[in-house]
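Here's the structure, in C-alpha coordinates; my notes come after.
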Amino acid sequence: QVHLVESGGGLVQPGGSLRLSCVASGIIFSTITMGWYRQPPGKERELLGVVIPSGTTHYADSVKERFTISRDNSKNTVYLELNNLTPEDTAVYYCITSTDPPRWGQGTQVTVSS
(Lines give C-alpha, C1' and ligand atoms only; values in the text may rest on other atoms or scores of the structure.)
Protein backbone atom coordinates (compact mmCIF):
# COMPACT_ATOMS: atom_id res chain seq x y z
CA GLN A 1 0.00 0.00 0.00
CA VAL A 2 1.37 3.38 -1.04
CA HIS A 3 1.78 5.85 1.78
CA LEU A 4 3.11 9.41 1.61
CA VAL A 5 3.83 11.54 4.65
CA GLU A 6 4.66 15.23 4.31
CA SER A 7 6.29 17.29 7.03
CA GLY A 8 8.11 20.56 7.55
CA GLY A 9 5.27 23.04 7.24
CA GLY A 10 4.57 25.78 9.71
CA LEU A 11 4.35 29.51 10.26
CA VAL A 12 7.05 31.62 8.64
CA GLN A 13 7.54 35.34 8.19
CA PRO A 14 7.55 36.94 4.74
CA GLY A 15 10.95 36.52 3.14
CA GLY A 16 11.61 33.36 5.09
CA SER A 17 12.30 29.82 3.97
CA LEU A 18 11.06 26.34 4.68
CA ARG A 19 12.03 22.85 3.63
CA LEU A 20 9.25 20.35 3.20
CA SER A 21 9.80 16.60 3.13
CA CYS A 22 7.71 13.76 1.81
CA VAL A 23 8.57 10.21 2.78
CA ALA A 24 7.13 7.46 0.61
CA SER A 25 6.51 3.80 1.33
CA GLY A 26 4.88 0.97 -0.58
CA ILE A 27 6.46 1.91 -3.90
CA ILE A 28 9.77 1.41 -5.65
CA PHE A 29 10.57 5.03 -5.01
CA SER A 30 13.66 5.23 -7.21
CA THR A 31 11.57 4.48 -10.31
CA ILE A 32 8.75 6.95 -9.67
CA THR A 33 8.45 10.57 -10.73
CA MET A 34 7.31 12.63 -7.75
CA GLY A 35 5.53 15.95 -7.71
CA TRP A 36 4.52 18.75 -5.41
CA TYR A 37 1.21 20.60 -5.46
CA ARG A 38 -0.25 23.27 -3.26
CA GLN A 39 -3.76 24.45 -2.53
CA PRO A 40 -4.21 28.00 -1.24
CA PRO A 41 -7.35 28.74 0.79
CA GLY A 42 -10.38 28.87 -1.47
CA LYS A 43 -8.41 28.09 -4.62
CA GLU A 44 -7.68 25.12 -6.88
CA ARG A 45 -4.70 22.85 -6.43
CA GLU A 46 -1.65 24.09 -8.32
CA LEU A 47 1.18 21.94 -9.66
CA LEU A 48 4.51 23.35 -8.49
CA GLY A 49 6.90 20.93 -10.11
CA VAL A 50 8.13 17.39 -10.52
CA VAL A 51 11.35 15.45 -10.11
CA ILE A 52 12.03 12.39 -12.25
CA PRO A 53 13.94 9.36 -10.91
CA SER A 54 17.30 10.72 -12.10
CA GLY A 55 16.77 13.95 -10.18
CA THR A 56 15.96 16.18 -13.14
CA THR A 57 13.33 18.74 -12.21
CA HIS A 58 10.64 20.75 -13.97
CA TYR A 59 8.85 23.69 -12.40
CA ALA A 60 5.82 25.86 -12.86
CA ASP A 61 6.85 29.30 -14.08
CA SER A 62 5.24 30.91 -11.05
CA VAL A 63 7.68 29.30 -8.59
CA LYS A 64 10.79 28.26 -10.50
CA GLU A 65 12.86 31.18 -9.22
CA ARG A 66 12.09 30.51 -5.56
CA PHE A 67 11.29 26.82 -5.08
CA THR A 68 13.61 23.83 -5.44
CA ILE A 69 12.62 20.18 -5.63
CA SER A 70 15.07 17.40 -4.89
CA ARG A 71 15.00 13.75 -3.94
CA ASP A 72 17.02 11.23 -2.01
CA ASN A 73 16.27 7.79 -3.38
CA SER A 74 18.19 6.14 -0.53
CA LYS A 75 15.69 7.66 1.91
CA ASN A 76 12.53 7.36 -0.23
CA THR A 77 12.17 11.09 0.28
CA VAL A 78 11.37 14.05 -1.92
CA TYR A 79 11.97 17.62 -0.76
CA LEU A 80 10.55 21.01 -1.58
CA GLU A 81 12.61 24.03 -0.56
CA LEU A 82 10.64 27.25 -0.38
CA ASN A 83 12.53 30.54 -0.43
CA ASN A 84 11.62 34.21 -0.24
CA LEU A 85 8.11 33.31 0.87
CA THR A 86 5.21 35.73 0.59
CA PRO A 87 1.71 35.60 2.08
CA GLU A 88 0.50 34.39 -1.32
CA ASP A 89 2.44 31.17 -0.73
CA THR A 90 0.14 30.30 2.18
CA ALA A 91 -1.35 26.93 1.27
CA VAL A 92 -1.49 23.25 2.05
CA TYR A 93 1.39 21.57 0.26
CA TYR A 94 1.06 18.04 -1.05
CA CYS A 95 3.38 15.51 -2.60
CA ILE A 96 2.12 13.12 -5.24
CA THR A 97 3.32 10.03 -7.05
CA SER A 98 3.18 9.58 -10.81
CA THR A 99 1.64 6.15 -10.39
CA ASP A 100 -1.68 5.15 -11.92
CA PRO A 101 -3.71 6.11 -10.02
CA PRO A 102 -1.62 8.85 -8.42
CA ARG A 103 -1.23 8.82 -4.66
CA TRP A 104 -1.38 11.90 -2.47
CA GLY A 105 -0.01 12.66 0.92
CA GLN A 106 -2.14 14.25 3.63
CA GLY A 107 -0.56 17.64 3.10
CA THR A 108 1.37 20.03 5.29
CA GLN A 109 0.21 23.56 6.06
CA VAL A 110 2.47 26.50 5.24
CA THR A 111 1.40 29.88 6.57
CA VAL A 112 3.34 33.00 5.65
CA SER A 113 2.50 35.89 7.92
CA SER A 114 4.14 38.58 9.97
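Points worth noting:
- Prolate/oblate/rounded call for segment 1-52, Cα gyration tensor, a/c under 1.5 rounded: prolate
- Each DSSP beta bridge with both residues in the chain is either parallel or antiparallel, and the antiparallel ones are about 90%.
- Neighbourhood charge, 11 Å Cβ-Cβ cut-off, centred on residue 62 and excluding it, Lys, Arg +1 and Asp, Glu -1: -2
- Averaging over all projection directions, the Cα-based convex hull of segment 18-82 occupies 4.7 nm² in the image plane.
- Charge sum, other residues only, whose C-beta stays under 9 Å from residue 78's C-beta, Lys/Arg counted +1 and Asp/Glu -1: 0
- Alpha carbon centroid spacing (whole Å) that separates segment 32-62 from segment 73-114: 8 Å
- Ligands, DNA and RNA are left out, and with a 1.4 angstrom probe the accessible area of the chain is 52 Å² per residue.
- Cα pair distances exceeding 25 angstrom across the chain, given as percent: 15 percent
- Here the accessible area of the chain is 49 percent carbon and sulfur, with a 1.4 angstrom probe and all protein chains present.
The values are calculated or read from the model by the stated rules, or taken from the named source; none is laboratory data. No experiment lies behind these values; they were computed from the predicted model shown. Neighbour counts run over all protein chains shown; Cβ positions are idealised from the backbone, glycine included. SASA here: full protein model, heavy atoms, side chains in, ligands and nucleic acids out. Shrake-Rupley method; radii C 1.70, N 1.55, O 1.52, S 1.80 Å.
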